[in-house]
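We did not get these values from a lab; they are worked out from the coordinates using the rules stated. The structure displayed is predicted, hence computed values, not measured ones. Ideal geometry is used to build each Cβ from the backbone, glycine not excepted, and the neighbour counts take in all protein chains shown.
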Amino acid sequence: MSNQQVRVRFAPSPTGGLHLGGVRTVLFNYLFARKHNGTFILRIEDTDQNRYVEGAEAYIFDCLKWCGLNPDESALTGGPFAPYRQSERKPLYREYAEKLVMHGHAYYAFDTPEELEQKRKEVPNFQYGSAYRNEMRNSLSLTEHEVEQLLKDGTPHVVRIKMPEDETISFVDMLRGPVSFDTNTVDDKVLLKADNMPTYHLAVVVDDYLMKISHAFRGEEWLPSAPVHLLLWEYLGWKDSMPEWAHLPLILKPDGHGKLSKRDGSRLGFPVYAMSWTDPKTGELTPGFRELGFLPEAFLNLLAMLGWNDGTDQEIFTLDELVSKFSMDRVSKAGAKFDYEKAKWYNAEWIKKIDSDRLVAECKVALQNKGITVESDEYLAKAIELVKDRLVLINDIYEHAWYFFKQPEEYDLNAVKPKWNETKTELFKTFIKQIEETENWSAADLENNFKALIAEKGLKAGDAMLPLRVMLVGGKFGPHVFDIVALLGKQETIARVEKALQAFTA
Ligand code: GLU
């Protein structure tokens, strides 16, 4: 590898939201590139116009940006092999298809959609391949003269690969070792469509070649396409330049039965997409890890651990650590079960780990989404410090800290009213006076003063601490009550105690 420039690519088709498996593919490409001082390329494979979805490309770029996996070359950043969007490269593919036809590795097929449909009706499990291609209308079954005429007349046609019969095609996968395919099981895939647009199979090979891709990490679902690609590399005379492939294992449903799908997410109540995605046609919203309150650091960390480990018990890794420790020989061949509880654990760990400024910025957005305007970052930082250990998702900040930003509208009266009495009313009235005069506004001093007051009135600490908590936050929850008082400040504490006293004594 030392004398070869490492160039890897993520090559998504912009067809909708990005599945976590897709982001793991990005991550492994990225880690490999960084580890080997290589180049990470993002190529948009948008040749299938029927599957093209408005907004999906921008979404992919946003996802990569959110994760901090920025490509070195892409349709946005440009680069020496531009364009990086296959639809913009359309004119260059025909030449390669023609070359394949010329050398007898591909052929023109003139069958109309109706004719193909008819054949599919006649032959169960019809495969356009060696068994039937002579019964179809193509440049192998028709005479040279007929073909010439059809082409001259501008008859719509596609170009298909001519799969060899009874051959075994093999390659060595970086993960799986030697993999073989029987050519009889693969049909004569379309390479170029009637409108000159290449299919994925032709475009991926041509572009991996032209963009000098050295290694390609892609999902296991692409393994069945590998024989077609292998043949194309060979037929186009580029075999020596073929990238090394690694087909990454699937991310499985929590029960291990089959690939984790978008539907599993909605069925089981967890995200499957990196970021929320709204289908522009149906308006259907699929929630994403980002919007549910995952940190990108945690998201990448948990994705890395789905199918990789460094051979120790370490589970928390920064991206830099992943770059330095990543190696293909520790990537598992077996599918990795997705465990949402574990995913949340990673997030909670990362919430404890990231620096305060980051956490403030993240929580601010989450609070804003709940209608809370944060006026002071410093104040928010202090509130976060008090509840940080309880946060699993960033969005939990609202549930655990809303009362630092607004007064409770309701009180858990059952917790205080049955034991309320005149002495307590007196206590809290005196407490208001006491804190009005308090200059040393620290949790410890405030608590000591309050406890002294409680003793003076002949009450027990517990009888007064709980009502104070309910006064400040509305119920029996939250961190240490004098930490709340200290942060709310004098005016706000007084306002809340006064307001609650009215409710408690009404
Ligand atoms: N365009 C393919 C996809 O949508 C890429 C497969 C590959 O990496 O070769 O995922």
In Å, the Kirkwood estimate of hydrodynamic radius for region 1-153 over Cα pairs equals 18.9
Spelling it out for W245: with amide H atoms placed in the peptide plane at 1.01 Å from N, the residues 5 or more places away or on another chain with amide H under 5 Å from its amide H are M174, A216
By the C-alpha gyration tensor axes a ≥ b ≥ c (rounded if a/c is under 1.5, else prolate when a/b exceeds b/c, else oblate), the shape of region 140-229 is oblate
Taking 296-302, 49-55, 123-129, 478-484 and ranking on average Cβ neighbours within 10 Å, highest first, one gets 296-302, 478-484, 123-129, 49-55
Dimensionless Rg/Rh of region 262-356, both radii on Cα and Rh by Kirkwood, sits at 1.01
When W345, W350 are arranged by how many other beta-carbons sit within 10 Å of their Cβ, fewest first, they go W345, W350
Here the residues of region 316-356 lying in the modelled label zone of L268, meaning backbone nitrogen under 13 Å from a point 7 Å along Cα-to-Cβ, are 336-344
Computed over region 214-355, the relative contact order (Cα-Cα under 8 Å, seq sep at least six) in percent reads 23
Highest mean packing first, using Cβ neighbours within 10 angstrom, the peptides 282-295, 402-415 sort as 282-295, 402-415
Check: C-alpha center region 227-276 vs C-alpha center region 450-506, spacing in Å is 57
Here the gain from full extension of A452 to N37, 0.36 nm per residue of separation minus their alpha-carbon distance, amounts to 142.8 nm
Expressed in nanometres to one decimal, the distance between label points 7 Å along Cα→Cβ at A415 and Q502 is 2.2
At 20 °C in a medium of viscosity 1.002 mPa s, the chain has a Stokes-Einstein diffusion coefficient, with Rh taken as the Kirkwood radius over alpha carbon pairs, in µm² per second, of 78
Expressed in angstrom and rounded, the centroid-to-centroid distance over alpha carbons for region 341-367 and region 42-120 is 38
Diffing region 238-247: the Karplus 3J(HN,Hα) column from phi (6.51, -1.76, 1.60, θ = phi - 60°), in whole Hz with x for Gly and Pro, holds 10, 3, 5, 9, 4, x, 7, 9, 9, 9
Simple SL model, points at 7 angstrom along Cα→Cβ for Q49 and H103; separation in nm is 3.0
Checking rank on 308-317, 136-145, 380-389, 30-39, with mean other Cβ inside 10 Å and highest first, the result is 30-39, 380-389, 136-145, 308-317
Amide H neighbours of G219 at under 5 Å, excluding residues fewer than 5 places away on the same chain, with H built from the backbone geometry, are L248
